[in-house]
1. What about residue 134, is it within 25 Å of residue 27 (Cα to Cα) and either part of a loop (DSSP other than H, G, I, E, B) or touching a strand residue (DSSP E or B) at 6+ places or on another chain (Cβ under 9 Å) (or both)?
2. Based on this model, can you work out whether residue 118 counts as modelled with pLDDT of 95 or more, surrounded by 10 or more Cβ atoms within 10 Å (Cβ to Cβ), farther than 21 Å from residue 54 by Cβ and out of contact with any helix residue (DSSP H, G or I) (no Cβ under 6 Å at 6 or more places or on another chain)?
3. Considering 89, 55, 100, which residue is farther than 21 Å from residue 34 by Cβ, surrounded by fewer than 18 Cβ atoms within 10 Å (Cβ to Cβ) and without any contact (Cβ under 8 Å) to a residue 60 or more places away in the chain?
4. Check segment 28-41 and report whether any residue there is at pLDDT 90 or above, in a strand (DSSP E or B), at negative phi and touching a helix residue (DSSP H, G or I) at 6+ places or on another chain (Cβ under 7 Å).
5. Against the condition loosely packed, with under 11 Cβ neighbours inside 10 Å, at pLDDT 90 or above and within 22 Å of residue 141 (Cβ to Cβ), how does residue 71 come out, does it pass?
């Protein structure tokens with residue numbers, strides 16, 4: 001009987017995890033992809049459920065001479081979502097914290113390189129003891145002439 005309960009609990013936990021992941025991907029498709037216009041979406045949906053105070057990193061190669069847009073968005077009830085773009089030496093090339101937490105950044109790379117995109121979900125500043133979680137998506141667009 002005990003093993004049946006453990007199996008059922010594990011199955012429910014696994015289903016919840018997949019369900020949350022699917023909802024997060026749908027959020028990225030429905031909401032965040034719109035932030036890329038007029039840039040062309042690269043076809044990848046990079047999204048994860050994060051809790052206030054957490055961060056996540058994504059490594060991506062950008063190609064010389066191309067113009068890109070990075071768009072980052074977070075679902076309700078998350079407070080500010082900060083994103084930083086760093087080179088492989090972790091030198092910060094851009095942070096939206098310096099630009100009123102703007103949700104996108106347009107740039108052109110001169111040389112093909114791998115960059116690190118770090119997203120941070122800031123903690124809510126109110127006195128609430130409740131810690132919020134939500135979907136955070138990072139989307140990439142390419143400018144075509």
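1. Criteria met by residue 134.
2. Here the answer is no, as residue 118 does not meet what is asked.
3. Result: 89 is the single residue among 89, 55, 100 that is farther than 21 Å from residue 34 by Cβ, surrounded by fewer than 18 Cβ atoms within 10 Å (Cβ to Cβ) and without any contact (Cβ under 8 Å) to a residue 60 or more places away in the chain.
4. Yes, the conditions are met somewhere in segment 28-41.
5. On the way: loosely packed, with under 11 Cβ neighbours inside 10 Å: no; at pLDDT 90 or above: yes; within 22 Å of residue 141 (Cβ to Cβ): yes.
When the stated conditions are applied, residue 71 does not pass them.
The values are calculated or read from the model by the stated rules, or taken from the named source; none is laboratory data. Just so we're clear, the structure is a prediction, and the values are computed from it rather than from any experiment. Glycine also receives a Cβ, built like all others from the backbone with ideal geometry; neighbour counts cover every protein chain displayed.
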